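Trainee: Structure incoming, see below.
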């Protein structure tokens, strides 16, 4: 486990210069998305995007240029470069808004950890590192009932 964490924190000697920072990540996905018809997928994703964009934390971080949005097909990840509270407050705002939309069920995972900005295959900004990986694992963890 320690070597896995160290591998995510410390670039290898052959790696180009990697600038690590602490990212505060909120991962969100729509429950049952892959079982929906395309029309249902589009409706749910559009509603989720509207709810997320209306949150105060999203708007503040976006206005400051301190937010990276990563679409995942069935949701997305928000990487806040502001405070560790930002993804938690954003998740609370989303949860409150979702009470008016019982048909839209989501899972959310939150983690703060080391990340670095990379360029993906489409030459778009993306984030890699333990911070994003662990947030995604938190999202996928099966919680006891």
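Trainee: Residue check: is residue 107 touching a residue at least 60 places away in the same chain (Cβ under 8 Å), farther than 24 Å from residue 21 by Cα and surrounded by 14 or more Cβ atoms within 10 Å (Cβ to Cβ)?
Mentor: Spelling it out, residue 107 is indeed touching a residue at least 60 places away in the same chain (Cβ under 8 Å), farther than 24 Å from residue 21 by Cα and surrounded by 14 or more Cβ atoms within 10 Å (Cβ to Cβ).
Trainee: Moving to a separate point now. Looking at the range 116-139, which of its residues are farther than 19 Å from residue 29 by Cβ and either in contact (Cβ under 8 Å) with a residue 40 or more places away in the chain or within 11 Å of the chain's Cα centre (by Cα) (or both)?
Mentor: Those that are farther than 19 Å from residue 29 by Cβ and either in contact (Cβ under 8 Å) with a residue 40 or more places away in the chain or within 11 Å of the chain's Cα centre (by Cα) (or both): 116, 117, 125, 129, 130.
Trainee: Let me ask something else about it. Looking only at the range 80-96, which residues are under 21 Å from residue 120 (Cα atoms) and at pLDDT below 95?
Mentor: 81
Trainee: Turning to a different aspect of this structure: Tell me, please, whether a residue that is modelled with pLDDT of 95 or more and within 16 Å of the chain's Cα centre (by Cα) can be found in the range 35-44.
Mentor: no
Trainee: When only residues in the range 117-138 that are in a strand (DSSP E or B) and farther than 16 Å from residue 80 by Cβ count, which is modelled with the lowest pLDDT?
Mentor: Looking at residues that are in a strand (DSSP E or B) and farther than 16 Å from residue 80 by Cβ, I get 128.
Trainee: Something else: Select, from 112, 100, 95, the only residue that is closer than 16 Å to residue 27 by Cα and free of Cβ contacts under 8 Å to residues at least 40 places away in the same chain.
Mentor: Of 112, 100, 95, the one residue that is closer than 16 Å to residue 27 by Cα and free of Cβ contacts under 8 Å to residues at least 40 places away in the same chain is 95.
Trainee: Considering each of 19, 96 in turn, give the residue that is more than 20 Å from residue 136 (Cβ to Cβ) and assigned to a loop (DSSP other than H, G, I, E, B).
Mentor: Step by step, each of 19, 96 is checked, and only 19 is more than 20 Å from residue 136 (Cβ to Cβ) and assigned to a loop (DSSP other than H, G, I, E, B).
Trainee: How about the range 31-55: which of its residues are out of contact with any strand residue (DSSP E or B) (no Cβ under 9 Å at 6 or more places or on another chain) and either exposed (fewer than 11 other Cβ atoms within 10 Å of the Cβ) or touching a residue at least 60 places away in the same chain (Cβ under 8 Å) (or both)?
Mentor: Within the range 31-55, 32, 34, 35, 37, 38, 39, 46 qualify.
Trainee: Can you name every residue in the range 73-89 that is part of a loop (DSSP other than H, G, I, E, B) and crowded, with 17+ Cβ neighbours inside 10 Å?
Mentor: Residues satisfying the conditions are 74, 81.
Trainee: Here's a follow-up. Out of curiosity, is residue 61 buried (at least 18 other Cβ atoms within 10 Å of the Cβ), modelled with pLDDT of 85 or more and more than 10 Å from residue 25 (Cα to Cα)?
Mentor: Yes.
The values are calculated or read from the model by the stated rules, or taken from the named source; none is laboratory data. Not measured: the values here are computed from a predicted model. Positions of Cβ are generated from backbone atoms using ideal geometry, with glycine treated the same way; all protein chains shown enter the neighbour counts.
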